[in-house]
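As structure tokens, the structure follows; a few thoughts come after it.
Just so you know, all these numbers are worked out from the coordinates, no wet-lab data involved. Bear in mind that the values here come from a model prediction, so they are computed numbers and not experimental data. Please note: Cβ atoms are built from the backbone with ideal geometry, for glycine as well, and neighbour counts cover all protein chains shown.
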Amino acid sequence: MVKTPIMQSQNVIQLKKQGTVIVLHVKGNVTVGSETCLKQAYSEANALDAPCLLLVFEESAYINSGGIALLIQLMAESRRRGQKVAIAGLSRHYRKIFNMLGITKFATMCDDADNALRDLATS
Amino acid sequence: MVKTPIMQSQNVIQLKKQGTVIVLHVKGNVTVGSETCLKQAYSEANALDAPCLLLVFEESAYINSGGIALLIQLMAESRRRGQKVAIAGLSRHYRKIFNMLGITKFATMCDDADNALRDLATS
Amino acid sequence: MDEPDASPCTCIEEKELTVKISSGSTARMLDDRTIEVNLPSKMGYERIAMDFSACFARILGFDPERIEDLRTAVSEASLNAMEHGNRWDSNRRVVVTINYDEESLTVFVVDEGRGMAQLPDERQVREKIAQLQPTRGLGIFLIRRLVDHVEFNRLTDQGHAVKMVITMAGARS
Amino acid sequence: MDEPDASPCTCIEEKELTVKISSGSTARMLDDRTIEVNLPSKMGYERIAMDFSACFARILGFDPERIEDLRTAVSEASLNAMEHGNRWDSNRRVVVTINYDEESLTVFVVDEGRGMAQLPDERQVREKIAQLQPTRGLGIFLIRRLVDHVEFNRLTDQGHAVKMVITMAGARS
Ligand SMILES: Nc1ncnc2c1ncn2[C@@H]1O[C@H](COP(=O)(O)OP(=O)(O)O)[C@@H](O)[C@H]1O
Ligand SMILES: Nc1ncnc2c1ncn2[C@@H]1O[C@H](COP(=O)(O)OP(=O)(O)O)[C@@H](O)[C@H]1O
């Protein structure tokens with residue numbers, strides 16, 4: 001077991017397409033350890049050439065500044081591509097954090113994935 | 001605030017009568033600090049003179065040996081009164097613990113309060 | 001359920017622990033696989049030791065059931081350290097040290113007391129419970145069943161340490 | 001949301017902390033309102049410090065929202081202690097000490113490094129974020145907004161301590 005304890009995040013990211021939206025369900029914590037997984041999922045998403053991206057996190061996820069830096073990178077890339085980004089599933093605390101950092105300007109924050117899909121569809 | 005941090009358990013115990021059963025909903029942790037609250041609720045229950053007692057705990061409750069000693073006392077008293085006892089709401093772990101101690105002989109363990117009421121009614 | 005005879009080995013000889021520990025907060029060997037928490041002896045603070053050990057075990061990949069076993073064992077050992085070892089003197093400390101190796105997690109719960117002359121008689125405890133009679137000894141009874149190995153050691157430089165080893169696999173039921 | 005100017009007081013003068021702390025695990029003043037955890041510098045172990053502080057705050061009666069603020073602040077300060085202070089040398093320790101008084105909880109996160117010459121420029125960090133440019137400084141940016149008071153202090157006997165004070169009432173949004 002414990003030989004090399006996995007202190008890095010291990011994420012499982014599910015990708016699915018719903019209409020014009022690519023939904024990425026991110027399971028697990030979001031830290032520097034999420035880099036490989038997140039980047040891979042993002043490039044798979046972009047291969048599908050969707051105008052909207054929805055990131056769904058787990059409410060229990062632990063997200064730290066290392067993870068947030070990755071998300072900022074992803075938002076920057078999406079902006080370059082003219083792609084809309086929405087985020088759902090975040091706990092109240094992390095929505096506050098994202099707000100403090102001012103990155104809610106670049107991604108719509110939604111309570112849940114369904115609302116987010118509706119928002120993205122009508123906008 | 002923190003002047004005398006409440007390290008003792010603070011319980012809220014709801015008492016209700018359902019047919020021949022007195023149901024005690026115990027909210028909070030079960031430790032030596034539960035003594036006053038638990039004993040008071042128990043004597044109120046007995047004033048109603050019911051043949052069956054159902055203790056419902058919260059699944060997230062922390063229960064330690066001090067709390068278990070109180071429950072053993074209560075079971076002993078109930079046995080003297082010829083009163084049946086059932087317990088519901090315990091997490092799997094605490095059911096295992098109660099089993100290890102051999103006190104499941106003296107109280108029926110039930111997954112939830114509804115099952116417990118059914119069991120007590122038919123027995 | 002475990003048969004009483006199958007309960008983990010227990011010894012109360014006065015001997016040094018493999019990892020030398022001194023109670024209080026003086027120098028201790030803390031390697032890169034060791035974490036430690038230092039608490040006053042106050043009612044309820046055992047929950048900090050408990051959550052602390054659970055958090056470590058979770059990070060190391062223990063499954064939820066084993067973590068529950070660990071939580072209860074650490075909570076009971078910490079309560080004993082505060083009550084019997086430190087007699088609820090809030091100026092006396094309880095130090096919980098946890099380290100891991102390839103197959104297990106080892107917890108030391110150290111208090112500033114003198115330890116015990118004798119372990120509670122398991123058979124007697126069991127008989128009392130079986131008659132729903134009040135009894136001391138529930139805490140140690142549970143610890144012995146929940147962990148894979150336990151030792152109670154008086155330390156040479158004053159203090160008492162409970163050493164508990166819990167393996168990932170050794171689930172008890 | 002807090003206006004930038006309303007961010008809690010921050011000072012980086014080299015001065016002694018009110019409570020004298022020495023990094024590592026030598027003698028420390030641990031009174032009956034103080035708990036402490038001692039960790040190696042390893043990726044992910046900040047979660048132990050985080051859960052440890054949350055557990056204490058919960059027992060003391062802090063509300064869930066303040067506890068979340070505390071968790072993030074402790075996690076970021078511990079990450080910095082491990083990364084910048086101890087340079088991920090797993091033999092170097094991070095010591096997190098928490099105590100409380102009538103109105104607040106104080107956390108010290110101590111590493112074995114030399115501290116920093118200068119705090120990141122808040123305005124610059126904000127501007128970079130506003131342009132979605134990569135930037136360092138997110139951790140300290142968050143800490144300053146989440147707690148009610150923060151200090152960064154180089155210790156005289158080597159090491160660096162972040163002192164963070166969080167009050168029960170002072171919720172930030
Ligand atoms: N850390 C300790 N230091 C001294 N004595 C102890 C310690 N832990 C346990 N004991 C002794 O063992 C007995 C049994 O402990 P335990 O099984 O936890 O039950 P209880 O705490 O109800 O007595 C205690 O009554 C005490 O005499
Ligand atoms: N404990 C510390 N010891 C030394 N330098 C530190 C410490 N904490 C923070 N710093 C310095 O402050 C900078 C900003 O830290 P932070 O806001 O957490 O962002 P990041 O970790 O991404 O750089 C770091 O890059 C580092 O130079």
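Values for this structure:
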quantity: Cα-based helix-to-principal-axis angle, A:65-80 vs chain A, degrees rounded to 10; calculated: 30
quantity: Rg(Cα)/(2.2 N^0.38 Å) for region A:6-122, N = residue count; calculated: 0.96
quantity: Per-pair calculated FRET efficiency, R0 = 60 Å: residue B:118 and residue D:126 via Cβ, rounded to 0.05; calculated: 0.45
quantity: Residues A:31, C:167, sorted so that the one with the fewest Cβ neighbours within 10 Å comes first; calculated: C:167, A:31
quantity: Burial ranking of peptide ranges B:49-62, D:76-89 (average Cβ count within 10 Å, highest at the top); calculated: D:76-89, B:49-62
quantity: Surface/4 of the Cα convex hull for region A:50-99, nm²; calculated: 3.4
quantity: Among beta bridges that DSSP assigns inside the protein assembly as shown, antiparallel share in %, nearest 5; calculated: 70
quantity: Geometric extent, Cα atoms of the protein assembly as shown - Rg, Dmax (angstrom); calculated: 26.1, 77
quantity: Distance between modelled label sites at residue C:90 and residue A:40, nm, 7 Å Cα→Cβ extension; calculated: 5.2
quantity: Fewest-first ranking of B:78, A:43, using other Cβ atoms within 10 Å as the exposure measure; calculated: A:43, B:78
quantity: Shortest-first distances to equivalent copies, position residue D:157, nm, label 7 Å out along Cβ; calculated: 1.6
quantity: Compactness of region D:25-173 as Cα Rg over 2.2 N^0.38 Å, two decimals; calculated: 1.02
quantity: Efficiency of FRET from Cβ geometry, residue C:29 and residue C:102, R₀ 30 Å, rounded to 0.05; calculated: 0.95
quantity: With Cα atoms, 0 to 90° folded angle of helix A:113-122 axis to chain A main axis; calculated: 30
quantity: Residues of region A:50-89 with amide N under 20 Å of a point placed 7 Å along Cα→Cβ from residue A:12; calculated: A:55-63, A:88-89
quantity: Inter-copy separations for residue C:114, label at 7 Å along Cα-Cβ, nm, ascending; calculated: 5.2
quantity: Within 10 Å of each Cβ in A:14-23, the average number of Cβ atoms from other chains; calculated: 0
quantity: Long-range Cα-Cα pairs in region D:82-136 (distance over 14 Å), rounded percent; calculated: 68
quantity: Projected label distance in nm at residue C:136 and residue B:48, using a 7 Å step from Cα toward the beta-carbon; calculated: 3.8
quantity: Antiparallel %, DSSP beta bridges [both residues in chain B], to 5; calculated: 30
quantity: Region B:6-122 - percent relative contact order, Cα under 8 Å, separation 6 or more; calculated: 24
quantity: Inter-copy separations for residue B:19, label at 7 Å along Cα-Cβ, nm, ascending; calculated: 5.1
